[in-house]
Structure formats: structure tokens, C-alpha cells
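Enquirer: Before we start, here is the structure in question, set down as C-alpha cells.
The values are calculated or read from the model by the stated rules, or taken from the named source; none is laboratory data. Note that the structure is predicted; figures quoted are calculated from it, not measured. A quick note on method: Cβ atoms are made from the backbone with ideal geometry, for glycine too, and the neighbour counts reach across all protein chains shown. Side chains included, ligands, DNA and RNA excluded: accessible areas come from the protein's heavy atoms. Shrake-Rupley method; radii C 1.70, N 1.55, O 1.52, S 1.80 Å.
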Amino acid sequence: MLTYTLLAGFLFGLYFTLIGLGLNLVFGVMRIVNLAHGDFLMLGAFLAFWLFSLFAVNPVPTIPVAFFIFLLAGFPLYYLLVPRLLQAKDPEMLSFILFFGLSQVIQSLATILWGTSERSIPGGQLGRAVAGILSFFTGHKIENGPIEILGQSFPAAWLASGLASGIGAVFVYWYLYRTKLGYLTRAVMVSRDEAIASGIDVHRVSAVAFGIGLGLAAVAGVFAPFMLGSITPAMGSEVTITSFAVIVIGSLGNPLGTILGGLVYGISYMFMQSYYSSWANLLPYLLLIAVLLLRPNGLLGRQARRA
Amino acid sequence: MRKLWRDVFIILVPLVAIFALLPSIYSNHLLLFNFIIFIVLSQGVNVIYGFTGYLPFGYVGFFGAGAYGFSLMVLHLQASPFLAIVVGVLAALALALVLTPLFRLSGAYFSIANLAASLAVLQVVANPNLEDYTRGPYGISLSGIFNPQLAYATALAILAATVFIVIFLRNSKFGLALQAIREDTISASMAGINVVRERVIAWLLSALIAGLAGSVFAWYASVFYPETVFSGEFTIFAIVFALFGGTATILGPILGVVILYGIYNAVGISTPQYFQLIYGLLIIGLVLFLPNGLVSLLRRWGIDVP
């Protein structure tokens, strides 16, 4: 039971990391709060659903497709909304309201197009692809079905999403620390004004970060039908709150802190589910408030922000 | 002080008179009551967001605390509605006091923590384990004290008190001190303003307003679920109405409610998804092109708005 809870919490925690990663990158670079994050995840989930039910496309090849579509969609959206927002007196607060509006637009369009019914993708679809990939790499045939780790069996989808989250986190690390653009992005994160003063095209850097943020949300969305249950156009709001809890625990604005935040969140969530399930829903909020009050900058935050 | 009484006569008195007379002309009293509740809540958001710059994303927590404080008094102690309102307000104030450490956080951190706090209160109230005390997720029914006329009159009094608080903030040293803190905390404290104390007073005032609104809402509705009175829509609507009209003004939030809630009732009830679309686009347009609200537009045209 203990091993199972720990491992399940770890896998779920990795998924929560993936959910929070994009949101945190956007906050870190632009200091704006993307309340529509969960809705982009919902759009990614519906992309996977429609590709599967119309063209029988397996969710695994959908992952890169979703990432690139949303990466590209991020640029026009960024230039449409953010530069004007940043001219305002208090962009951090106004971004709450602006992106709430965007979230309403996305949810209503999705409802108008697809109705409010719940949809899902059969869990075996992802399992088959995972079994195929594992057989290819290990060299001997692996059966489709639950996967055993340390004597505990887990749905293949959990493993696949954990794997994808790991890849996502490594990708963000590689982007921030190993590419030219990532170097500039980190400069903008540290000090926007000094970045402008040293001739960095802040809007270009931010637009790319925004696109990557949306792309990661969409990738998390592809796994949503397997990890979060059935999907509806209105699912985004709750996801947004969860991802906030994750990134605040990690520390707001530090994408790598998200990994820690996701794991802490996932493991404590699984413990509450196993041992004290009727109060499990309270956990994200209490954890969030406790972390905010004890360490206002999250577990990995550097300096305190006090008014 | 002269300006204070001028504002009372040109805004507060007509507003209360209109809402006192409308029920005899217009038969949908529930709608009128909701208008009052939203004006009160937007003004409550105005007190804390407009004057101090802290965006309370979990403002509905105080509203729900008021509603539950009221209902539990009536359910368990058979208290009279007016005594129950006092307890509802005390519940909201107690929650606000518990949350004062959140002011150590700034900007988005404060808003997110406040949101989490309101959701945590909802999870506690709606928890099936507490059914004996709060009726858990099954909701509250207060048919014994149902009296819509008296509840409506009480709501009117609350409206008057709330608008008076905002008029006072607009025309007093205390209101100026709050705005000074909002603009530049350090300079304000150098000028001799007790930053922490003034901010906490504004926070308690704003919780008091929401607690009053929640109590009278529970009385008027008399049957509701935890999700009804802790619905994030109250927060969002109140914030958007206040912003649309213009914060840190008296008239702004009132204009916002009359216009936007009016549109909501015209198109939102029959086709909610189309209303959601219009509403979302309106919010985006508002933030991008009119971040200081309608009132700033009027001011640009040279019309001075209190």
C-alpha cells in the first residue's frame, strides 16, 4: 500500500508538473497570470479526442502535433493581447481579468461547437502505443496492459504521461539553459528593464515563451482523458486552479521548481486519497496557503517579496 | 465634508429611492434583489481593490461565510433574522481576520492565496463529514423565516450603508491614505500613514460588506447549496462590474452592474454560451482599451464623475 501510494503519487506528480510547467514559464517571463491555461489544456484534449474518433489517430503521434499547433497559435495570440496589456498601470492584476475573459471565450466557443457532453478515449489506446514503444526499445515483446514497477501494477497511461512529463521538463531545461533564446529568456525573467536596456527583443522572447507555454498545456491535454477522466469544454477552470497550486508550491516564476511542486502535490494527494479520502479535495488549497504563508516564494524561491 | 453630503444627495438617495420604488412598478422582485446584491458586492470589491490595489480573487468566501453564519444561527438556535445577520457578519469578519497574514504576499500571490482560501472554506462547509453541523453538500433550507418583503427592505438598508462607506472613502483622509498606500507603499509610510492598520481596516470593511450581502442573500433565497453561495461567479462578476465602471469611484461599480448585469439578464438566461462569448470578448476589450473603466472615458470627455 505504501509503495503503491508513493509510486502512484510520483507518477501523478509528474503529470501535475507537466500541467504546471507551461503556466509557470509564462508567469516567469511575462509576470502575467494565464487564467486560461486550463482551457488550452482542454483544447489539447479535444484535439486528441477528435483526431482519435475521426481518423483513429493514436494519442502518441498527436503529442508533437498538439505541441506545434499551439506553439504557433501562441505567437499571434501573444501579439494580440500582451503588448497592450503591459502598457497598463498594473498589468499583473489586470492579466487576471484579461485571461479570465479569454478563458470565457474559449469555453463558450468550445461549448457552442461541441456541446456539453462528456467524452473520453479508451484507455487501451495509449497502453498499446506504450507497449509497442517499450517492445521496440527493450527488444522483447511486452504485452499491452498494466505495467509492473516494484511489484505494483499501474495503468500504462500513467507511465506514459510520467514519461512525457519528464521529457517536457528536460525540454524546458534544455531550452532555458542550452539555447541562445533560452539565455535571453532567463535575462528577461531576471530583469525586464535591464533586458530591454541591453537590446534584447523582449517581445520576441516572450512570444516564444508564451507559445511554448501553450504547447506544453496542449501536450498535458492529450493525456487528460487518461489522467483526469472524461473531458468537457468546462473542465479548464479546475485544472487552472490545480496548476496554480502546483506552481506556487514549487515557486512562481521558476519553471524547474514546478517539478518539485508537482511531486509534492502528487504524492500528498495520493496519500490523502489512500488514507483520508473524504478530505482529499481540501488538500491543494491548504497546501497552497501553507506554502504561501511559510515560504511566500515557494519551496525553491530566492528572495522574499514584501510590500 | 460638503462634498460628502453632496455625493450622498446626488447618488445615494436617488439610488435607494429607485430601488425602493421599483418593486411596485416591476414585478420580477428576485431580479431587483440580485441587482442590489451585485451593486453591494461590486462596491465591496471596490473598497479593497479600488482603494488598496489588492485583487480579492476569493471575495466570495466572505459572502458564503455570511450566508452560512446566518443560516446556521437560524437552523440551530432559531435566532431571529436580524440577530442572525449580525452573526453572519461576524463569521465574515472572523474569516477576514484569519486571512490577514495574506497581506504579506503581494500582487498575484495574494489573489491566488485568497482564491485558495475561499475554495478551502467551501470544501470544509460542503464536506459530508460535517453534515450534522452544516448540512454538508445537501444545502440549507430556511423556510421558517421566509419573508421576502422584509429581506428586500434589509437589502436596501445594506445597499445604503455600502454606498455610504464608499462615499466616505472618496471624501475622507482615510480614503486618501489608502490610495496613497496603493500608489506607493513606502512613500505613504514615510508620510506617517500606518500602512498595516489602514490596509487591515479596508480589508475588514470589504469583508463586512460581503458578509452583510451573504446574510441577506441567504434570508431572501432561503434554499441554497454550498456551491451557490461559494460560486466563483460572484467574485468574477463583482470584479468585472467594478472594473467595467471604474474602480476607486462611487458611480463606477453602480454603472457597471446596471449595464453589464442588465445585458446578462437580457441575453444570458436563454443562451448562456453566447452570453459567455460576448462577456469574454467584452472583458478582453475592456482590459485592453479601457483599463480604468467607463468613468475614465467620461473624465476624458471632461465630465467629472464622483
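Enquirer: Among the listed residues B:Gln123, B:Gln149, which satisfies the condition of being assigned to a helix (DSSP H, G or I) and within 14 Å of chain A (Cβ to nearest Cβ)?
Expert: Of the residues listed, the single one that is assigned to a helix (DSSP H, G or I) and within 14 Å of chain A (Cβ to nearest Cβ) is B:Gln123.
Enquirer: To continue, here is another question. Of all residues in segment B:70-89 being open to solvent by less than 10 Å² (accessible area, probe 1.4 Å) and not hydrophobic (A, V, I, L, M, F, W, C), which is nearest to B:Asp184 (Cα to Cα)?
Expert: Checking each candidate, the answer is B:Gly88.
Enquirer: Look at segment B:194-224 and say how many of its residues are among the charged types (D, E, K, R) and either touching a Cys at 6+ places or on another chain (Cβ under 9 Å) or surrounded by fewer than 24 Cβ atoms within 10 Å (Cβ to Cβ) (or both).
Expert: Summing the residues that are among the charged types (D, E, K, R) and either touching a Cys at 6+ places or on another chain (Cβ under 9 Å) or surrounded by fewer than 24 Cβ atoms within 10 Å (Cβ to Cβ) (or both) in segment B:194-224 gives 2.
Enquirer: Turning to a different aspect of this structure: Among the residues of segment B:90-104 satisfying the criterion of being buried (at least 20 other Cβ atoms within 10 Å of the Cβ) and within 14 Å of chain A (Cβ to nearest Cβ), which is modelled with the highest pLDDT?
Expert: B:Leu95
Enquirer: For segment B:126-146, what are the residues that are part of a loop (DSSP other than H, G, I, E, B) and facing chain A (nearest Cβ under 7 Å)?
Expert: If the condition is that a residue be part of a loop (DSSP other than H, G, I, E, B) and facing chain A (nearest Cβ under 7 Å), then B:Asn127 is the only one that fits.
Enquirer: Shifting gears a bit: Can you tell me which residue in segment B:225-234 is most open to solvent (accessible area, probe 1.4 Å), limited to those that are in a helix (DSSP H, G or I) and under 13 Å from B:Ile37 (Cβ atoms)?
Expert: Within segment B:225-234, the match that is most open to solvent (accessible area, probe 1.4 Å) is B:Glu233.
Enquirer: Can I ask one more? So if I check each of A:Leu94, A:Leu80, which one is buried (at least 21 other Cβ atoms within 10 Å of the Cβ), without any contact (Cβ under 8 Å) to a residue 24 or more places away in the chain and under 30 Å from B:Phe244 (Cα atoms)?
Expert: None of the others qualify; the one that does is A:Leu94.
Enquirer: Of all the helices (runs of 4 or more DSSP H) wholly in segment B:1-101, which have at least 3 residues that are of a type in the set (Ser, Thr, Tyr)?
Expert: Here the list is empty.
Enquirer: Suppose the filter is over 16 Å from B:Gly66 (Cβ atoms) and touching a residue at least 60 places away in the same chain (Cβ under 8 Å); does B:Ile201 pass it?
Expert: Against the criterion (over 16 Å from B:Gly66 (Cβ atoms) and touching a residue at least 60 places away in the same chain (Cβ under 8 Å)), B:Ile201 does not qualify.
Enquirer: A further question on this structure: Pairs needed: first member in segment B:240-267, without any contact (Cβ under 8 Å) to a residue 12 or more places away in the chain; second member anywhere, among the aliphatic types (A, V, I, L, M); C-beta distance under 8 Å; at least 6 residues apart or different chains.
Expert: Final answer for the pair search is B:Val267/B:Ile278.
Enquirer: Could you tell me which numbered condition A:Ala234 fails, if it satisfies all but one of (1) at pLDDT below 90; (2) in a helix (DSSP H, G or I); (3) within 30 Å of A:Ser117 (Cβ to Cβ)?
Expert: It is condition (2) that A:Ala234 fails.
Enquirer: I want to confirm something. Restricting to segment B:260-277 and keeping residues that are at the interface with chain A (Cβ under 10 Å from one of its Cβ atoms) and surrounded by fewer than 17 Cβ atoms within 10 Å (Cβ to Cβ), which single residue is farthest from B:Gly246 (Cα to Cα)?
Expert: It comes out as B:Thr271.
Enquirer: Continuing with this model, one more query. Out of the residues in segment B:280-306 that are open to solvent by 90 Å² or more (accessible area, probe 1.4 Å) and within 14 Å of chain A (Cβ to nearest Cβ), state the one that is farthest from A:Arg84 (Cα to Cα).
Expert: Restricting to residues being open to solvent by 90 Å² or more (accessible area, probe 1.4 Å) and within 14 Å of chain A (Cβ to nearest Cβ), the top hit is B:Leu281.
Enquirer: Just to check your reading of the model, which residue among A:Phe40, A:Phe67, A:Phe52 is out of contact with any Cys (no Cβ under 8 Å at 6 or more places or on another chain), more than 14 Å from chain B (Cβ to nearest Cβ), aromatic (Phe, Trp, Tyr) and open to solvent by 40 Å² or more (accessible area, probe 1.4 Å)?
Expert: The unique qualifying residue is A:Phe52.
Enquirer: Could you list, in sequence order, the residues of segment A:277-291 that are within 7 Å of chain B (Cβ to nearest Cβ) and among the aliphatic types (A, V, I, L, M)?
Expert: If the condition is that a residue be within 7 Å of chain B (Cβ to nearest Cβ) and among the aliphatic types (A, V, I, L, M), then A:Leu282, A:Leu286, A:Leu288, A:Ile289 are the ones that fit.
Enquirer: Let me ask something additional. State yes or no: is B:Ala113 hydrophobic (A, V, I, L, M, F, W, C), more than 14 Å from chain A (Cβ to nearest Cβ) and open to solvent by less than 10 Å² (accessible area, probe 1.4 Å)?
Expert: no
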